[in-house]
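Structure, as structure tokens:
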Amino acid sequence: MKTSSNLKSFLLSIDHKGYPAYKSLKGSYQFPGYIFTIDHVQGDPFASPSRVSIDIPAHICRFPAKYYDTLYKKTALCDHLTRLLKKALDRYSFKAKGSGKSGLITISSCGQEILERTACCIHSQKGDLSVHFEIGFPANGRKINAKELSKIFFDFLPACVEQSLIYKNIDQKALKNAIDLSEDQHFIRTMLPKSGLIAFVADGSVLPRKSGISQLPLRSAVPFRSPENYRVSFDLPHHGTISGMGIPKGITLIVGGGYHGKSTLLKALEAGIYDHIANDGREYVITDPTAMKIRAEDGRSIQHTDISMFINHLPNGKNTVSFSTEDASGSTSQAANVVEAMEAGTEVLLIDEDTSATNFMVRDELMQRVVHPDSEPITPFIDRVRGLYENQGISSIIVAGSSGAYFHIADHILQMDQYVPKDITDFAKEQAADFPTNFAASAYSEPAFDRKFLCTASLKKERRLKLKTMGKDSFSLNRDVIELRYIEQIADSEQTTALSYCLLYLEMHIFNGKHTLRQAVDELFTVIEKDGLAAITDSSYVKSGLAMPRRQEVFACVNRYRNLNIEK
Ligand code: ADP
Ligand code: MG
């Protein structure tokens with residue numbers, strides 16, 4: 001293998017040359033203690049920065065094996081190291097000078113969630129560590145500035161590795177705390193189904209966020225406190241005994257006056273599918289990992305989805321067993337969202353009246369009298385929610401402050417009162433008895449989930465397939481935009497990027513008209529679990545910048561692709 005001194009002399013030999021000469025640096029170099037690899041070199045100083053990796057053998061970084069012997073601990077360890085490395089790299093970013101992105105040094109920026117990312121991986125058996133990040137190779141105009149780049153390669157990076165990726169040099173207590181927290185979170189997650197619960201919110205949790213644009217905890221928040229009869233305790237391996245509200249399986253209704261914290265509680269439950277870092281306020285808010293937020297999503301595309309359990313006899317005579325539209329209404333979009341969540345294996349639906357189509361949720365008695373049911377295509381969710389639980393085992397947590405209709409069918413009714421939940425099940429049921437409703441839980445047949453897809457013809461013809469992520473909210477595949485703004489549980493734009501590669505991989509390698517969507521997604525995740533997330537990029541250099549999405553979001557992403565090619 002070439003050495004760091006080879007790299008130094010190559011570098012000096014191309015100083016002041018045209019920028020493309022940087023391409024010749026591609027390759028791996030043995031540095032003292034690690035291998036440095038230049039995976040991809042940018043085309044010019046203004047293009048996306050160059051991609052590099054550092055591989056440190058286990059006997060040098062020496063992280064204790066017990067910190068990476070399970071996936072969740074491994075994820076917590078790598079998350080912690082990514083944060084440390086980012087801090088270190090930030091201190092040197094743009095310290096080397098030049099035009100455009102010259103001198104930029106950047107790695108994935110982790111938010112409040114702990115996600116499995118391609119930025120940092122540790123080998124499960126061997127303990128070798130690799131990190132992937134990006135550097136803007138310096139130039140003056142379009143001429144190579146080798147002196148500045150050698151500062152980065154030979155001064156900055158060795159210092160960053162030394163400070164943040166070698167076990168003996170980092171704050172070991174802080175790392176231990178992060179790993180211990182992940183064990184405690186995992187413990188609660190495994191206890192939920194054993195205790196008949198779908199979510200847990202620890203006493204003392206801080207649920208509201210600082211602002212609509214900051215995921216940091218609100219400082220002056222009223223801490224969470226469980227109603228007495230919902231309180232459960234767990235003996236966590238590290239934290240000791242923890243108590244809080246356990247939400248049982250079934251149908252849970254959250255009511256309360258406006259501004260009393262209903263949506264904030266639901267948002268925290270949505271986020272509880274992920275582990276959160278210490279001091280987030282939600283680190284002990286744990287939700288069933290399959291839980292899916294369901295909302296109205298006017299304008300979305302629906303492709304051959306069986307929404308007949310909710311919608312039938314449309315005035316235009318459209319088939320709702322295999323329903324397609326380029327521009328869904330509030331109610332049809334929400335119906336499709338429920339059905340697609342079922343297809344994705346979701347066991348908990350999370351619904352907020354704030355983001356629901358009213359006519360999808362309920363129809364009141366007076367309206368039923370005036371508009372005859374035969375003229376109403378929609379079977380509202382209230383007529384199905386019980387069946388969903390009883391037949392399919394799918395629980396629901398529903399925020400509904402404006403209609404009492406759900407009192408009749410809910411198993412558990414919580415009232416948010418000045419940010420504190422109270423159990424009002426008995427009282428609400430008593431009151432509801434005086435208001436008989438004629439909602440009808442009629443029989444329905446479960447959608448078949450037998451859609452099979454072929455590769456989209458236009459993609460096959462395309463010579464160059466181009467993916468572009470637009471923040472967390474959408475990505476494009478060539479000219480088509482896949483809108484993910486309303487897939488509210490996507491936590492990070494790196495998940496969106498990963499989803500774009502998932503869709504492309506499904507299209508190019510899996511959709512062959514033979515697999516149902518469930519089988520196709522299973523196959524995709526088999527590849528990911530075997531070879532890692534970067535394996536689905538089909539590219540030797542896309543190693544950084546991806547974070548693991550859930551299966552649920554992969555389904556959601558496929559279902560929003562307007563060019564799906566269905567096998568008829
Ligand atoms: P609702 O859905 O009941 O109308 P929200 O959940 O939207 O109410 O909360 C209303 C406001 O109260 C939000 O600005 C939110 O940040 C704040 N809030 C929510 N929970 C708390 C809390 N525990 N302590 C302090 N403020 C809170
Ligand atoms: Mg609300």
**Request:** Run down I242, I254, I247 and say which single residue is away from ligand 1 (no atom under 16 Å from the Cβ), β-branched (V, I, T), crowded, with 22+ Cβ neighbours inside 10 Å and not in a loop (DSSP other than H, G, I, E, B).
**Result:** I247
**Message:** Just the residues that are free of Cβ contacts under 8 Å to residues at least 12 places away in the same chain and more than 29 Å from P208 (Cβ to Cβ), please, taken from region 427-442.
**Reply:** E430, A433, D434, P436
**Request:** Kindly check whether there is at least one residue in region 8-15 that is under 19 Å from V542 (Cβ atoms) and modelled with pLDDT of 95 or more.
**Result:** no
**Request:** Could you list, in sequence order, all residues of region 257-276 that are closer than 13 Å to M416 by Cα and either surrounded by fewer than 16 Cβ atoms within 10 Å (Cβ to Cβ) or small (G, A, S) (or both)?
**Result:** G257, G258, Y259, G261, S263
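Listed here are the residues, each with its yes/no results for (1) at positive phi; (2) within 11 Å of ligand 1 (Cβ to nearest atom); (3) in a loop (DSSP other than H, G, I, E, B).
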| site | (1), (2), (3) |
| --- | --- |
| S220 | no, yes, yes |
| N229 | no, no, no |
| H260 | no, yes, yes |
| T264 | no, yes, no |
| K267 | no, yes, no |
| A278 | no, no, yes |
**Fill in**
Residue count, region 332-366, condition within 16 Å of ligand 2 (Cβ to nearest atom) and of a type in the set (A, V, I, L, M), comes to 4
**Asked** Considering region 1-60 alone, what residues qualify as being surrounded by 14 or more Cβ atoms within 10 Å (Cβ to Cβ) and of a type in the set (V, I, T)?
**Response** I14, I35, T37, I38, V41, V52, I54, I56, I60
**Request:** Mind telling me which of the residues F234, F200, F224 ends up being within 10 Å of ligand 1 (Cβ to nearest atom), among the aromatic types (F, W, Y) and modelled with pLDDT of 95 or more?
**Result:** F224
**Fill in**
Here the residues within region 354-372 that are over 17 Å from T437 (Cβ atoms), of a type outside the set (D, E) and within 16 Å of ligand 1 (Cβ to nearest atom) are T355, S356
**Request:** Report yes if some residue within region 1-13 is out of contact with any Phe, Trp or Tyr (no Cβ under 8 Å at 6 or more places or on another chain), touching a residue at least 12 places away in the same chain (Cβ under 8 Å) and not in a helix (DSSP H, G or I); otherwise report no.
**Result:** no
**Prompt:** When you go through N229, N177 one by one, which is the residue that is in contact (Cβ under 8 Å) with a residue 60 or more places away in the chain and either touching a strand residue (DSSP E or B) at 6+ places or on another chain (Cβ under 7 Å) or within 16 Å of ligand 2 (Cβ to nearest atom) (or both)?
**Reply:** N229
**Prompt:** So which residues in region 342-370 are modelled with pLDDT under 95, surrounded by 20 or more Cβ atoms within 10 Å (Cβ to Cβ) and of a type in the set (A, V, I, L, M), if there are any at all?
**Reply:** V362
**Request:** Within region 339-355, track down each residue that is within 17 Å of the chain's Cα centre (by Cα) and in a strand (DSSP E or B).
**Result:** V348, L349, L350
**Prompt:** G387: within 16 Å of ligand 2 (Cβ to nearest atom) and either within 20 Å of D306 (Cβ to Cβ) or part of a loop (DSSP other than H, G, I, E, B) (or both), yes or no?
**Reply:** no
**Item:** Leading residue by the ranking (nearest to ligand 2 (Cβ to nearest atom)) among those in region 280-314 that are β-branched (V, I, T) and outside any loop (DSSP other than H, G, I, E, B)
**Value:** I294
**Asked** Do any helices (runs of 4 or more DSSP H) entirely within region 88-196 hold 1 or more residues that are under 24 Å from A547 (Cα atoms), and if so, which?
**Response** 157-164, 172-194
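Condition check ((1) over 23 Å from V338 (Cβ atoms); (2) surrounded by 16 or more Cβ atoms within 10 Å (Cβ to Cβ); (3) of a type in the set (S, T, Y)) across all residues:
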residue	(1), (2), (3)
R485	no, no, no
L503	no, yes, no
M508	yes, no, no
E529	yes, no, no
**Item:** Tally of residues being farther than 17 Å from T355 by Cβ, surrounded by fewer than 18 Cβ atoms within 10 Å (Cβ to Cβ) and free of Cβ contacts under 8 Å to residues at least 60 places away in the same chain across region 292-320
**Value:** 4
**Item:** Pairs, first on the phi > 0 side of the Ramachandran plot in region 17-28, second not polar (S, T, N, Q), C-beta under 7 Å, six or more apart
**Value:** G27/K2; G27/I38
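The values are calculated or read from the model by the stated rules, or taken from the named source; none is laboratory data. All values derive from a computational prediction rather than experimental measurement. With ideal geometry, Cβ positions are generated from the backbone for all residues, glycine too; neighbour counts draw on all protein chains shown.
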